[in-house]
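Scroll down for the structure; my scribbles are underneath it.
What follows is calculated from the coordinates using simple rules that are stated; it is not laboratory data. This one's a predicted model, so the numbers in the text were calculated from it and none came from an experiment. Virtual Cβ from ideal backbone geometry, glycine too; neighbours counted across all protein chains shown.
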Amino acid sequence: VTRARQGDSTAFEQLAMQHVTNLYRIATAMVGAADARDVTQETLVAAWRQLPRLRDDGRFEPWLRQICVNRCRNELRRRARHPETNNLLADAFETHRASSADPSALDRRLAVSDALAVLPPTQRAVVVLHYFVGLPLREVAGTLAIPEGTVKSRLGAALTQLRAAFPEGEA
Amino acid sequence: MTGPAREDLPREVRDQLDGARGAVPPVDLVDGVMVEVRGARQVRVWPAWVRGSVMGLGAAAALLLVAFLANGPFGGNRTPSGTEAPAAVPSGGQLVTVVEGDFRLELWTDRKTYTTDDPISIAATLTYIGPEASVTLYHADPMLTFLLNEQAGTRSMGGGVDDVCQQTVARRNEAITIPYTKSAAWTPDDPNAAFYQAWMRDPVLRLPAGTWTVVVLGEASVNTCGGRDVSLGQKLDISVTLPPGATPSATPTASPTPVEPELTGTKISSGQDMRIVGWSPDGRWLAVHAGSGSSSGVDLIRIFDAKGHEVGSLGGVDASWMSPDVLAVLRYGEGGPATGTVILHHVSSGLDEGVPGHFSGVEGSGTGRLALTIADPSGETTTFKLLGSDAVYPGYPLTPGAWDPTGRWLAIREVSGIAGPGDPYPLALLDAQTGALVETPYKVGATSVFFSQDGHMLTDVVDPTGTGTPVGAAALVDLVAPRAAAVLLQGYGSGPALPDGRWLVGRPELEAAVWNPATGEIVKIARGQVGVSASGVVAVVRDGYGGQTGGLELNGTAAGVEAIGIAGSGWYGPVWSPAGDRLVYALGQNAGATDLYLLAVP
């Protein structure tokens, strides 16, 4: 990290290789497979450019994750402003094509994507960081720079909305 | 609390997340990143006045900047002196390929190694490999742009395009060959300007000795003008050596002759994550924050006297001078910012006063006023108040430096609800004398604000033209008429005022500059961290990144301002004492450790 921070692009490439899979998975969970590549790429380029500001090498991974989540939230906000560019349908179509014409798979994917899409970006970020990345609530709060109490309230609100969308799926 | 169990999620959502858990990134994703990484420079740790919307621009925007410079008001241009693409890569040449969606991009050179006298042949091809017989591409001119980056130096040429919407029909499996075209961009005071001028005059592509990275980038939209349906990049390295018997002077160069700085302060302290809060208004005390500012861990506000002797410390995550002897200190409780408290610390006596309520931010005027951002455990509102008043306002004060020097005006980001750092919200001014909130026509993200002694404010605004274009600008607002149109400086970050009506501005890809709003003149003065004294002396903690020294004439004058340079590569500062006789600055080390230096200026 130190070498990359000092401008060594080869060192940064090694870091990128090490973290790209986790970032890509977070992005997939947040914005879907269709935009995960772009978001991951933007995250790593932004990380390279901002790396000199990282003052604690030991915080590189959470710092990188924070950039990724912020990029995902930006993408979700962009979709909200420009719904015609929403890639969820394309994403679902890819799933459909890959699953060799299983209509139920397409329907299911569309439904799930729609349910996640109705969550505000802030709630979706909390759900993904806690349930997908597995961060404790305190670290979710730190990543999103919000109080822990806000994390809890957003998780509760998100669960309420998701249960309303999937009443039969409640555990 | 560990939060609700995963089983609380509906099954469909769990399936969705499990699916993402198995996602595998495309194999060439990192390659694509590295093309952009090597085509763009890292930002440096700029002072707060350069941070803002401009800093958030991505690599693509940085490339646009290069393109603008090639055709803009600075020196530089493109010449149609390209080389012809051979039918096949000659023996000894190089070829690299990338496939993205329905397109394949190939970049080649005729050799791997050249001498400085040898002509160099470079070309690239773009091939449509999709299902249609043909598609129409809308693109800039040329369709592909080339960059030449010196690996061990600072020279970088290329990227020049005309931002027009040209059309090219791409037929399936037919390669469109784009030969290399020279382009370069520079400002008149660019340390490499002489080299770029000489290099552009040569109709043949030749390069100085060294290893150079050749980058080709292409963006286009398919069947409609606008957008980025196609975005490809590829790169390779070539080596250039001196011919036998030649001397380095045979190659035009214009490396800057560094002038070593002469001044070095005295280290007064070391610690983790030290950030300069500021001098007290009378210059008697200096406050420094040590710690990460998180709700976990120990954060201290450390106080030094004017000679650098530590006179005390107290727990806190942020602080601001309310008056010459009173430092407002913010502390987090167990719930983080939601349970923050504020105490007023009287430095001379050591007495502390608590302020009733929970707060998440403090901003003192230095003249006795204090703005307090109100903590909201629900996280759904952002409001603030002034100490001693019951009135609550939406938003929060921009920090640092939200108060004008008289302590009357407070710059506000008028947030309704919760906002991300870059979200645009109205910029307003609170008149602390009357309690009136005065709107301006502009919107800001999380940014800094600077005031002059003559009643003006400079800050970074978002989308100043209201076109939805995410381009930032420094906006100069007249406090007498804050609703009137401001003087805008597109693409720059705001900075402190000089006493003569000019301002320091900057942006990450270029050096700090002096801006004269009356004439529009911008003169680059330095690469590094910059601070301005009340009398207008500019101090620069030199940015030693990559061995570069910048072009500042240290301990002399630049752009008509007196300037002094300080040894070292800075993280924070330099911060002048109010009397202009002392400077404090912090130098970063690895793993967050920071050394704090104090310099007495003759």
Extension reserve of the residue B:406-residue B:535 stretch, reckoned as 0.36 nm per residue once the Cα distance is removed: 44.7 nm
Computed label-point distance, nm, for sites residue A:2 and residue B:24 using a 7 Å Cα→Cβ extension: 3.6 nm
Least to most buried among A:19, B:346 (fewest other Cβ within 10 Å first): B:346, A:19
Separation of the residue B:112 and residue B:266 label points, Cα + 7 Å toward Cβ, nm: 5.8 nm
Summed side-chain charge close to residue B:95 - residues other than residue B:95 whose Cβ falls under 14 Å, Lys, Arg +1, Asp, Glu -1: +1
Around residue B:241: net Lys/Arg minus Asp/Glu count, Cβ-Cβ under 11 Å: -2
Shape of segment B:297-393, Cα gyration tensor, a/c cut at 1.5: oblate
Hits among lysines - C-alpha to C-alpha of residue B:235 under 18 Å, sequence gap 8 or more where chains match: B:112, B:182
Cα-based shape type of segment B:311-456, given that a ≥ b ≥ c are square roots of the gyration tensor eigenvalues and the cut on a/c is 1.5: oblate
Net charge over other residues, Cβ less than 15 angstrom from the Cβ of residue B:581 (K, R count +1; D, E count -1): 0
Nonlocal amide H pairs with residue B:493, under 5 Å, H built at 1.01 Å: B:506, B:507
Least to most buried among B:594, B:367, B:406 (fewest other Cβ within 10 Å first): B:406, B:367, B:594
Residue B:581-residue B:500 pseudo-label distance in nm [points 7 Å out on the Cα-to-Cβ vector]: 2.6 nm
For residue B:442, residues with placed amide H under 5 Å, excluding near neighbours: B:427
Neighbour-count ranking [beta-carbon atoms within 10 angstrom, fewest first] of B:270, B:221, B:280: B:270, B:221, B:280
Pairs beyond 30 Å (Cα-Cα), from B:385/B:443; A:152/B:385; B:307/B:443: B:307/B:443
Alpha-carbon centroid distance for the pair segment B:425-467 / segment B:106-125, whole angstrom: 52 Å
